[in-house]
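Okay, so here's the structure we're looking at.
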Amino acid sequence: MLLIFYMIEIKPHLTLVGAGPGDPELFTLKGIKALKAADVVLYDALANDSLLEYCKEDVVKIFVGKRRGSCAFSQEEINHLIVENGLKYGHVVRLKGGDSFVFGRGYEEIEFVRKYNFGVSIVPGISSSIAVPEMQLIPLTARGLNESFWVTTGTTKSGELSKDIAIAAQSSATVVILMAMSKLEEITTIFSTFGKSTTPVAIIQHGTTPKENYLLGTVATIAPLARAKGIDNPAIIVVGDVVNLHPDFLSRNDSIHLFDIS
Ligand SMILES: C[S@@+](CC[C@H](N)C(=O)[O-])C[C@H]1O[C@@H](n2cnc3c(N)ncnc32)[C@H](O)[C@@H]1O
């Protein structure tokens, strides 16, 4: 009898998938397809867990985010986990909050796995930087109010406040700041220095999820208000005249009520 042994060759592959801002219905069809094809999923705290239901039953699920009381994995540890699991099982999906290329370190992971001959695919996600203000009816651009928007981080690699915030504060741009709650006082001081104390500000926490919470104020008032109300991460800070278009700022007659399409 002729016995034929097949050697199954594992072809390691990494797919970066943007999980969107939190609402699982704001996930892409391509994202679903990638999850269905995954052998392993490494997912972050900001990626909605319910998306994992699209995976095969025997998928290996590895949580690599930070949750209360637990330590986050370092980027180096995550890079190694991707490689180890890809070489062992094949297709690794890296499921990240929002979009992988917007403060998501997605490119670093691609650069790392390339050294191990991984194939790479990308599925963009809806970034919280745009969707979270949008779902509060704050447009990032509005004709006559501004000509651009900046998406910046509050905290840089070295832990300091980004110098870009002072540059953005001197423009008419809408400034969207991520990862910045610990630097709120410093940020508002900078905007005040450039004569923006009365500019409206919105802070939206857990945007697009049932835990969503928001706060409106001005550059001068927002920091004490946020501390008093305990608004913290994950949150997005929006500074600019477009915040005046939020329904709470409009008169009752002008106000728009947003209905959920579901
Ligand atoms: C490491 S960054 C990742 C951003 C992500 N790649 C994106 O495109 O949305 C994490 C920060 O994004 C913001 N963020 C993400 N999801 C959010 C949400 N649902 N509500 C408010 N802020 C959110 C917070 O500022 C949080 O600290």
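Please treat every number below as a calculation from the coordinates, not as lab data. Just so we're clear, the structure is a prediction, and the values are computed from it rather than from any experiment. Counting neighbours? That spans all protein chains shown, and the Cβs are built from the backbone with ideal geometry, glycine included.
This model, with +1 at the C-beta of Lys and Arg and -1 at the C-beta of Asp and Glu, gives region 149-262 a dipole about its Cα centre of some 180 debye. Across region 103-262, C-alpha contacts under 8 Å between residues 6 or more apart give a mean separation that, scaled by the residue count, equals a relative contact order of 23 percent.
For region 105-200, which chymotrypsin sites (Phe, Trp or Tyr not before Pro) are in a loop by DSSP, counting at most 16 other Cβ atoms within 10 Å?
Those that pass, being in a loop and sparsely packed, are TYR116, PHE194.
For the chain, the longest principal axis of the Cα atoms and the long axis of helix 75-89 meet at an angle of about 30 degrees. Oblate is the label for region 107-168, because the ratio a/c of its alpha-carbon gyration tensor axes (a ≥ b ≥ c) is 1.5 or higher and a/b is not greater than b/c.
Could you work out the local net charge near ILE190, counting Lys and Arg as +1, Asp and Glu as -1, over the other residues with Cβ closer than 15 Å to its Cβ?
Value of the local net charge: -1.
Between SER172 and ILE256, the FRET efficiency from the beta-carbon distance, with R0 = 30 Å, is close to 0.80. Partners of LYS30 within straight-line reach, counting aspartates and glutamates whose Cα lies under 18 Å from its Cα and excluding those fewer than 8 residues away in the same chain: ASP39, ASP49, GLU53, ASP99.
Net charge of the neighbourhood of PHE149, taken over other residues with C-beta under 14 Å away and scored Lys/Arg +1, Asp/Glu -1, is -3.
Would you kindly state the longest site-free stretch of the chain, with sites defined as GluC sites (Glu not before Pro) in a DSSP loop (not H, G, I, E, B) surrounded by at most 13 other Cβ atoms within 10 Å?
161-262
Taking the fewest neighbouring Cβ atoms within 10 Å as the starting point, the ordered list for LYS163, LYS157, LYS30 is LYS157, LYS163, LYS30. Over all other residues within a Cβ to Cβ distance under 15 Å of ILE130, the charged ones net out to -3, with Lys and Arg as +1 and Asp and Glu as -1. Among ILE177, THR208, VAL243, flag the residue with its Cα farthest along the positive direction of the charge dipole of the chain, charges on Cβ as +1 for Lys/Arg and -1 for Asp/Glu. Highest projection toward the positive end goes to ILE177. Between LEU225 and LYS56, the simple label model (points 7 Å from Cα in the Cβ direction) yields a spacing of 5.1 nm. This ranking places LEU81, LEU16 by how few other beta-carbon atoms lie within 10 Å of each, fewest first, which gives LEU81, LEU16. Restricting to the chain, what percent of DSSP beta bridges are antiparallel, rounded to 5? Approximately 40 percent, going by the DSSP bridge assignments.
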